[in-house]
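Chemist: So that we are looking at the same thing, I have put the structure below in structure tokens.
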Amino acid sequence: MSLPVLLAAVTPSPSPSPSSSATNPATATLQDAQESATNAASWVEQNWSTWLSIGLRVLLIVVIAAVLRVVVRRSISKLIEHMNSTAQAVDGTALGGLLVNNERRRQRSQAIGSVLRSVASFVIMGTAALMVLGTFEINLAPLLASAGVAGVAIGFGARNLVTDFLSGVFMILEDQYGVGDTVDAGVASGEVIEVGLRVTKLRGDNGEVWYVRNGEVKRIGNLSQGWATAGVDVTVRPSEDLDRVQSVLHEVGEAMSKEEPWSERLWGPIEVLGLDNVFLDSMVVRVSAKTMPGKALSVERELRWRIKRAFDAADIRMVGGLPVQPDGEPSAADPTAGMAAPSAYASSTSPQSQAASPLAPSNVTK
């Protein structure tokens with residue numbers, strides 16, 4: 001039996017007369033309450049199935065969205081961990097140990113994982129919210145139109161921010177540079193200390209920190225990827241024996257390649273490329289070597305040091321800068337070299353001064 005039938009059975013069938021209702025207010029109040037309860041019970045009975053259907057549908061949408069979000073985020077985390085494990089396997093090789101940086105890999109994986117998880121959460125939860133609103137039979141057309149207009153306005157006002165963000169995402173995904181790399185970003189150069197989705201931090205040569213917006217980077221040169229080249233120009237006298245100079249340079253290169261830590265920093269033999277320039281008072285011999293990225297400067301300094309000591313031991317004279325003095329003549333500088341030549345007009349008795357002086361006025365007799 002339904003609830004209205006039960007209430008009708010409990011309620012007395014004869015309705016009170018107007019005179020009795022007027023004389024008994026308590027009875028009238030009880031009857032109004034019974035009528036209100038009857039109407040409410042009837043309304044609930046008519047709509048409870050619709051409410052239950054809507055509630056179950058909303059609950060199902062929320063549960064499916066939450067489960068899907070957890071599954072997608074865990075899948076992304078597993079993918080990032082798999083990428084890290086693959087990179088760690090490369091660390092076992094000699095080349096991988098030199099090129100793969102743990103901090104760089106960690107920041108890159110964290111940035112990529114954060115972007116993917118945020119995008120997945122936004123898409124899943126946004127779709128679920130729209131489906132819940134559609135379940136309540138809310139017209140989504142004005143809402144979507146307003147959201148589109150607001151999105152266009154925000155995107156136009158924050159176009160620089162959007163450009164920086166998208167540029168940062170592609171820089172990280174393409175692995176253009178990472179922490180520890182020495183880069184030239186055009187607007188600034190230095191060592192990368194942090195890579196973000198909007199800003200990249202660089203440490204300059206003098207210790208300054210540059211904050212470079214990713215959207216402002218039009219071109220970038222990475223000096224830490226692949227390999228570097230160390231080049232040294234050796235300037236000697238044109239009278240030196242080239243075969244002897246080449247032999248000494250080869251000995252220096254072989255000795256340096258066998259010593260630590262230069263054997264690890266050199267990725268190839270030190271080569272004597274030959275004569276780079278020939279002048280009247282000097283000639284330039286070019287020496288080059290392929291080195292580890294970022295170690296070319298230290299290799300050049302050590303190579304110059306060793307070449308100078310080897311040339312001194314072999315009595316090979318290196319020149320450069322000042323003109324070469326002939327053997328046996330002192331190389332003292334002339335103290336009058338920086339003085340200007342005396343002027344002929346400095347003396348009042350010189351013919352030039354007398355010729356340039358004005359004529360004295362002649363005496364006019366009256």
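Chemist: Could you figure out which of (1) touching a strand residue (DSSP E or B) at 6+ places or on another chain (Cβ under 8 Å); (2) open to solvent by less than 50 Å² (accessible area, probe 1.4 Å); (3) among the hydrophobic types (A, V, I, L, M, F, W, C); (4) modelled with pLDDT of 85 or more isn't true of A310?
Modeler: Every condition holds for A310 apart from (1).
Chemist: Right, here's the next one. Can you tell me which of (1) in contact with an Asp or Glu (Cβ under 6 Å, 6 or more places away or on another chain); (2) modelled with pLDDT of 85 or more is the one V324 doesn't meet?
Modeler: Tallying (1) in contact with an Asp or Glu (Cβ under 6 Å, 6 or more places away or on another chain); (2) modelled with pLDDT of 85 or more, V324 fails exactly one: (2).
Chemist: If Q225 satisfies all but one of (1) open to solvent by less than 60 Å² (accessible area, probe 1.4 Å); (2) in contact with a Pro (Cβ under 9 Å, 6 or more places away or on another chain), what's the number of the condition it fails?
Modeler: For Q225, the exception is condition (1).
Chemist: Can I ask one more? Considering only the stretch 161-178, state which residues are closer than 15 Å to Q225 by Cα and touching a Leu at 6+ places or on another chain (Cβ under 7 Å).
Modeler: none
Chemist: For a quick check of your reading of the model, give me the residue pairs whose first member lies in the stretch 160-176 and is among the hydrophobic types (A, V, I, L, M, F, W, C), whose second is open to solvent by less than 60 Å² (accessible area, probe 1.4 Å) and part of a helix (DSSP H, G or I), with beta-carbon atoms closer than 7 Å and at least 6 apart or on different chains.
Modeler: Listed by first residue and then by second, the contacts come to V162/G155; V169/V115; M171/N214; I172/A111; I172/I112; L173/I112.
Chemist: Just give me the residues in the stretch 168-197 being under 10 Å from the mean Cα position of the chain (by Cα), open to solvent by 30 Å² or more (accessible area, probe 1.4 Å) and at pLDDT 85 or above, in sequence order.
Modeler: Selection gives I193 alone.
Chemist: I would also like to ask the following. Using beta carbons and a limit of 7 Å, which pairs, at least six apart or on different chains, have the first residue in the stretch 49-78 and in a helix (DSSP H, G or I) and the second one surrounded by fewer than 11 Cβ atoms within 10 Å (Cβ to Cβ)?
Modeler: Listed pairs, sorted by first residue: I54/F136.
Chemist: Restricting attention to the stretch 282-301, does a residue exist that is among the acidic types (D, E), exposed (fewer than 12 other Cβ atoms within 10 Å of the Cβ), at pLDDT 85 or above and not in a loop (DSSP other than H, G, I, E, B)?
Modeler: Checked against the condition, which is being among the acidic types (D, E), exposed (fewer than 12 other Cβ atoms within 10 Å of the Cβ), at pLDDT 85 or above and not in a loop (DSSP other than H, G, I, E, B), the stretch 282-301 yields no hits at all.
Chemist: Return yes when V212 is on the phi < 0 side of the Ramachandran plot, of a type in the set (A, V, I, L, M), more than 31 Å from the chain's Cα centre (by Cα) and open to solvent by less than 60 Å² (accessible area, probe 1.4 Å) and no when it is not.
Modeler: no
Chemist: Among the residues of the stretch 268-276, is there at least one that is modelled with pLDDT under 85, of a type outside the set (S, T, N, Q) and closer than 29 Å to D181 by Cα?
Modeler: Yes, the conditions are met somewhere in the stretch 268-276.
Chemist: Please state which one of V152, V123 is of a type outside the set (S, T, N, Q), closer than 30 Å to L60 by Cβ and either open to solvent by 70 Å² or more (accessible area, probe 1.4 Å) or not in a helix (DSSP H, G or I) (or both).
Modeler: Going through V152, V123 in turn, the sole match is V123.
Chemist: Follow-up question, since we're still on this one. Could you name every one of the strands (runs of 3 or more DSSP E) located completely within the stretch 181-265 that has at least 3 residues being among the polar types (S, T, N, Q) and touching a residue at least 12 places away in the same chain (Cβ under 8 Å)?
Modeler: In the stretch 181-265, there are no strands (runs of 3 or more DSSP E) which contain 3 or more residues that are among the polar types (S, T, N, Q) and touching a residue at least 12 places away in the same chain (Cβ under 8 Å).
Chemist: Hey, among S298, S257, S247, S288, which residue is within 30 Å of E191 (Cα to Cα), over 34 Å from the mean Cα position of the chain (by Cα) and of a type in the set (S, T, Y)?
Modeler: After applying the criteria, what remains is S257.
The values are calculated or read from the model by the stated rules, or taken from the named source; none is laboratory data. If you're wondering where the values come from, they're calculated on a predicted model, not measured in any experiment. Here Cβ is always computed from backbone atoms with ideal geometry, including for glycine, and neighbour counts include all displayed protein chains. These area figures cover heavy atoms from the full protein model, side chains too; ligands, DNA and RNA do not enter into them. Shrake-Rupley method; radii C 1.70, N 1.55, O 1.52, S 1.80 Å.
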